Amino acid sequence: MAKMVGLNVSLKMGWIKKAVELLSHNLTEEEYKNELREHLSFEIDSPTNLRKAKDNLTFIWYRNGEENAVLQEEGRRLVLKYPDDITAISWCMIPLAYPVFYDLARLMGKLFEFQETVTTGQIRQKIFDEWGERSTLDYSTGKIIAAMKALEAVSSPGTGKYIASSIPVKNEEVVSFLIKTAMHFSGSSYYSFSTLNDFPFLFPFDYKVTKEQLMNDKQFVLSVFDSTLSVGLKK
C-alpha cells in the first residue's frame, strides 16, 4: 500500500505562529479549528485551500497520533516555553504529523553532505525512489520545500536551487527534542554518542549534545558497549 502524503499546502511562518499561539487558549478541537479558519481566511480566498491549511495546522499542532503522542505533547510544551526556538520545534512537529517531511529532509541532508547546493530535480528523484512516483507526492514536495523556506531552514539562490541554513540551537531541552525526533524516525535501537550530531534530517541546525543533558532526560537510555557510550530511547 502506498504511504499517505497528506501535507498539501505551503505553510507560512505567520500561520504556524498563530497555530502555536492558540495552544495556550485551552480550546477544544472544534474551537481551535474555528479560530484558525477565521485567521487564515484573511489570506486565503479559496474554500478548498482554506480547509487544507486549517487541517494541516491542526494535525501538526493540536492532534496526537497514536505512535507519536509523547513527542507531540513535548513539542507543544516546548514551543510555548521557548517561542524563540519555533523553527527547530516546528521542524520536528511537522513530520510527527506528516512523515513525508522527515524523509524529504533526511534525503536533502544527505545531499548537502556532498554538495553546497541541491536542486528540485535531485530532491524529487530521491523521494520518488523511496515513495514511488505519483502526482500527489510531486505536489507535496513543492509545498514542503516552500515550508522549509518559510522556516528559513533553506534559502534559494535561484529557481529550483537550495542552500542549507545553519541555525544555532542552544537550549538543551530543544536540542534533546531534536535528537529524540530524529532517533524516533531513524528506527535504530541505539546510537553511539558520537553520531548524535550527525543526523541528516537535522541538517539546518547547529547544535551540541552533552552527556549531562542525556543523563538528565529520563527518555534517554544510556549504555556502554565495548567502551562506547550508546544512547537509545525509553520505550
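Tabulated results
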read-out	value
Filter result for I127 (at pLDDT below 95 and not basic (K, R))	yes
Residue, surrounded by the fewest Cβ atoms within 10 Å (Cβ to Cβ), within the stretch 183-206, restricted to residues that are under 18 Å from L104 (Cα atoms) and free of Cβ contacts under 8 Å to residues at least 60 places away in the same chain	G187
Single match in K149, K110 (criterion: surrounded by fewer than 19 Cβ atoms within 10 Å (Cβ to Cβ), under 14 Å from F201 (Cα atoms) and of a type outside the set (S, T, Y))	K110
The stretch 207-225 - residue that is of a type in the set (S, T, N, Q) and out of contact with any Leu (no Cβ under 9 Å at 6 or more places or on another chain) and, of those, surrounded by the most Cβ atoms within 10 Å (Cβ to Cβ)	Q213
Single condition K180 does not satisfy, out of (1) in the same structural domain as F114 (by TED's automatic domain parsing); (2) over 22 Å from L11 (Cβ atoms)	(1)
The stretch 221-235: number of residues that are β-branched (V, I, T) and either in contact with a Lys or Arg (Cβ under 8 Å, 6 or more places away or on another chain) or part of a loop (DSSP other than H, G, I, E, B) (or both)	1
Top-ranked residue in the stretch 94-103 [being out of contact with any Lys or Arg (no Cβ under 8 Å at 6 or more places or on another chain) and not acidic (D, E); ranked as surrounded by the fewest Cβ atoms within 10 Å (Cβ to Cβ)]	Y102
Subset of the stretch 114-141 (residues that are of a type in the set (S, T, N, Q) and surrounded by 14 or more Cβ atoms within 10 Å (Cβ to Cβ))	T117, T119, T120, Q122, T136, S140, T141
Flag if K161 is among the basic types (K, R) and over 21 Å from L107 (Cβ atoms)	no
L11 being modelled with pLDDT under 95, in the same structural domain as D84 (by TED's automatic domain parsing) and not in a helix (DSSP H, G or I)	yes
Residue within the stretch 40-49 that is modelled with pLDDT of 95 or more, within 15 Å of the chain's Cα centre (by Cα) and on the phi < 0 side of the Ramachandran plot present	no
Residues (at pLDDT 95 or above, out of contact with any helix residue (DSSP H, G or I) (no Cβ under 7 Å at 6 or more places or on another chain) and within 30 Å of R124 (Cβ to Cβ)) located in the stretch 57-110	T87, W91
Candidates D84, D55, filtered to the one that is out of contact with any Cys (no Cβ under 9 Å at 6 or more places or on another chain) and exposed (fewer than 15 other Cβ atoms within 10 Å of the Cβ)	D84
Residue identified as farther than 22 Å from K110 by Cα and touching a residue at least 12 places away in the same chain (Cβ under 8 Å) among E212, E173, E130	E173
Test for E173: is it at pLDDT 95 or above and surrounded by fewer than 18 Cβ atoms within 10 Å (Cβ to Cβ)	yes
Any hit, the stretch 28-39, residues being assigned by TED's automatic domain parsing to the domain that holds L137, closer than 24 Å to F205 by Cα and either in contact (Cβ under 8 Å) with a residue 40 or more places away in the chain or not in a loop (DSSP other than H, G, I, E, B) (or both)	no
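The values are calculated or read from the model by the stated rules, or taken from the named source; none is laboratory data. Just so it is clear, the structure is predicted and the values come from calculations on it, not from any experiment. Note that each Cβ is placed from the backbone with ideal geometry, even for glycine, and that neighbours are counted across all protein chains shown.
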